[in-house]
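Novice: Sharing a structure here in structure tokens format.
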Amino acid sequence: MNDITEAEAQAGTEAEAPLLVAARGGRPSRTPVWFMRQAGRSLPEYRKLREGTAMLDACMDPDMVCEITMQPVRRHDVDAAILFSDIVVPLKAAGVDLDIVPGTGPVVANPIATEADVKAIPELHEEQVQPVVDAIGLLNKELGDVPLIGFAGAPFTLASYLVEGGPSKHHERTKALMHGNPDLWHALLGRLADITAEFLRVQVQAGVKAVQLFDSWAGALSERDYREFVLPHSTRVLSGITGVPRIHFGVGTGELLPAMREAGADVVGVDWRTPLDVAVQRLENAAPHLPKPVVQGNLDPALLFAGVPALEREVARIKREGEAAAGHIFNLGHGVLPDTDPDMITRAVELVHRQG
């Protein structure tokens, strides 16, 4: 994890991007900020470009990926670009029969239920995601000093879609498999860990400057279940990534933060339910032998609808709370909501930068 010394973190970083300085536990010239789901969603230019193109087709079109990824960087002056993609892209590329249904999300044709189903999940090979590699090459030419963040879905979240057949509120089939047939569960997550690790490896090799592992639905688990059924597989994924900062994020994971850091996170993403200073205290108490943690977050996405005065107060509060960490990357506590006014996103970035 953050094995950089304090002196190294502080010295000679003026030329390095603020996000990378903060991710390594340093104090950059300004608080870096980017937003999950910033690449599209709320932008009219995104909707115009995507019109008539299915999500998964867009994710495998290098020119479209490059343009969509660049749009929020141009408009909002964020400190990082997040690769336009989707967590199910590597599954689809490997050959899993699924689609992203508008208004629903990922839908799997043949949900996983048996050992044969798990064995039938194909491996991912680099050539199957060559369009993603090509898009990263285009982006690194366009972005200049702005770092590009690659990402992937964590094994548990991918498994939840494969077992449930699509999005689920209660994850009942997932938890039933986890507890009812733990051997099959671990075989499934092992297969998915291989796919995820390969997808991230390919992105790092292609030139992304950081990666984020999204475990969107891990907050549905108790800490005990997370440690037994999820942690070993997320650790396998993150331990295979070297040379770039690793961000680990989940929704509703306030009780899981120390375990998520143990999985190999250099930066722990925190959703809006847990104040950043509280998150830092939990992380320090759980692992006093480790360096002071670095955190990312955690403005409630709904507060972008609350007006400028409320936004100013919340940005100031979150930045104060983030000072408890070794480094703080400002972000939302989840993704940009589709109806968000893009001007409020731009204003949020200005506030983060202006307040020091």
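Novice: Condition first: in a helix (DSSP H, G or I) and in contact (Cβ under 8 Å) with a residue 60 or more places away in the chain. Now tell me which residues in region 317-333 satisfy that.
Specialist: Of the residues in region 317-333, the ones in a helix (DSSP H, G or I) are 317-322.
Lys319, Gly322 - these are the residues of region 317-333 that are in a helix (DSSP H, G or I) and in contact (Cβ under 8 Å) with a residue 60 or more places away in the chain.
Novice: Okay, moving on. Please indicate, with yes or no, whether at least one residue in region 213-224 is polar (S, T, N, Q) and touching a residue at least 40 places away in the same chain (Cβ under 8 Å).
Specialist: Restricting attention to region 213-224, the residues satisfying the condition of being polar (S, T, N, Q) are 216, 222.
Still in the running and touching a residue at least 40 places away in the same chain (Cβ under 8 Å): 216.
The answer is yes; a qualifying residue exists.
Novice: Now, a different point. Scan region 123-151 and report the pairs whose first residue is touching a residue at least 60 places away in the same chain (Cβ under 8 Å) and closer than 13 Å to Pro90 by Cβ and whose second residue is among the aliphatic types (A, V, I, L, M) and part of a loop (DSSP other than H, G, I, E, B), with Cβ atoms within less than 6 Å and a gap of 6+ or a chain change.
Specialist: Here the result reads Pro131/Met60; Gly150/Leu83; Gly150/Val208, each pair linking region 123-151 to a residue that is among the aliphatic types (A, V, I, L, M) and part of a loop (DSSP other than H, G, I, E, B).
Novice: Please work out if Gly166 is of a type in the set (Gly, Ala, Ser), buried (at least 22 other Cβ atoms within 10 Å of the Cβ) and either touching a residue at least 12 places away in the same chain (Cβ under 8 Å) or more than 18 Å from Leu98 (Cβ to Cβ) (or both). Give the derivation first.
Specialist: Working: of a type in the set (Gly, Ala, Ser): yes; buried (at least 22 other Cβ atoms within 10 Å of the Cβ): no; either touching a residue at least 12 places away in the same chain (Cβ under 8 Å) or more than 18 Å from Leu98 (Cβ to Cβ) (or both): yes.
Spelling it out, it is not the case that Gly166 is of a type in the set (Gly, Ala, Ser), buried (at least 22 other Cβ atoms within 10 Å of the Cβ) and either touching a residue at least 12 places away in the same chain (Cβ under 8 Å) or more than 18 Å from Leu98 (Cβ to Cβ) (or both).
Novice: Right, next: Please work out if Ala39 is hydrophobic (A, V, I, L, M, F, W, C), touching a Pro at 6+ places or on another chain (Cβ under 9 Å) and at pLDDT below 95. Explain how you work it out, then say what you get.
Specialist: Details: hydrophobic (A, V, I, L, M, F, W, C): yes; touching a Pro at 6+ places or on another chain (Cβ under 9 Å): yes; at pLDDT below 95: yes.
Answer is yes for this residue.
Novice: Being in contact (Cβ under 8 Å) with a residue 24 or more places away in the chain, more than 16 Å from Ile247 (Cβ to Cβ), not hydroxyl-bearing (Ser, Thr, Tyr) and not in a loop (DSSP other than H, G, I, E, B): is that true of Ala302 here?
Specialist: Working: in contact (Cβ under 8 Å) with a residue 24 or more places away in the chain: yes; more than 16 Å from Ile247 (Cβ to Cβ): yes; not hydroxyl-bearing (Ser, Thr, Tyr): yes; not in a loop (DSSP other than H, G, I, E, B): yes.
When the stated conditions are applied, Ala302 passes them.
Novice: Consider region 19-35. How many of its residues are buried (at least 23 other Cβ atoms within 10 Å of the Cβ) and under 24 Å from Gly335 (Cβ atoms)?
Specialist: Number satisfying all stated conditions: 8.
Novice: Can you say whether Ala263 is under 20 Å from Ala193 (Cβ atoms) and crowded, with 24+ Cβ neighbours inside 10 Å, as far as the supplied structure shows?
Specialist: For Ala263, the condition - under 20 Å from Ala193 (Cβ atoms) and crowded, with 24+ Cβ neighbours inside 10 Å - is met.
Novice: Quick one: Val295 ticks every box in (1) within 14 Å of the chain's Cα centre (by Cα); (2) among the aliphatic types (A, V, I, L, M); (3) more than 15 Å from Asp215 (Cα to Cα); (4) assigned to a helix (DSSP H, G or I) bar one, so which box is it?
Specialist: Going through the list (1) within 14 Å of the chain's Cα centre (by Cα); (2) among the aliphatic types (A, V, I, L, M); (3) more than 15 Å from Asp215 (Cα to Cα); (4) assigned to a helix (DSSP H, G or I), Val295 breaks only (4).
Novice: Go through (1) in contact with a Ser or Thr (Cβ under 8 Å, 6 or more places away or on another chain); (2) buried (at least 19 other Cβ atoms within 10 Å of the Cβ) one by one and return the number of the condition Leu184 breaks.
Specialist: Tallying (1) in contact with a Ser or Thr (Cβ under 8 Å, 6 or more places away or on another chain); (2) buried (at least 19 other Cβ atoms within 10 Å of the Cβ), Leu184 fails exactly one: (2).
Novice: Considering only region 107-131, state which residues are charged (D, E, K, R) and either surrounded by fewer than 14 Cβ atoms within 10 Å (Cβ to Cβ) or under 27 Å from Ala176 (Cβ atoms) (or both).
Specialist: Here is the first cut: in region 107-131, the residues charged (D, E, K, R) are 115, 117, 119, 123, 126-127.
Glu115, Asp117, Lys119, Glu123, Glu127 - these are the residues of region 107-131 that are charged (D, E, K, R) and either surrounded by fewer than 14 Cβ atoms within 10 Å (Cβ to Cβ) or under 27 Å from Ala176 (Cβ atoms) (or both).
Novice: Name the one entry in Leu290, Leu337 that is under 21 Å from the mean Cα position of the chain (by Cα) and in a loop (DSSP other than H, G, I, E, B).
Specialist: Numbers: Leu290 fails: under 21 Å from the mean Cα position of the chain (by Cα).
Going through Leu290, Leu337 in turn, the sole match is Leu337.
Novice: Give region 271-284 a look and list any residue that's of a type outside the set (A, V, I, L, M), touching a helix residue (DSSP H, G or I) at 6+ places or on another chain (Cβ under 8 Å) and assigned to a helix (DSSP H, G or I), or say none.
Specialist: The answer is Asp277, Arg282.
Novice: A further question on this structure: Conditions: (1) in a strand (DSSP E or B); (2) without any contact (Cβ under 8 Å) to a residue 24 or more places away in the chain. Glu314 meets all but one. Number of the miss?
Specialist: For Glu314, the failing item is (1).
The values are calculated or read from the model by the stated rules, or taken from the named source; none is laboratory data. Computed from a predicted structure; not experimentally measured. Glycine also receives a Cβ, built like all others from the backbone with ideal geometry; neighbour counts cover every protein chain displayed.
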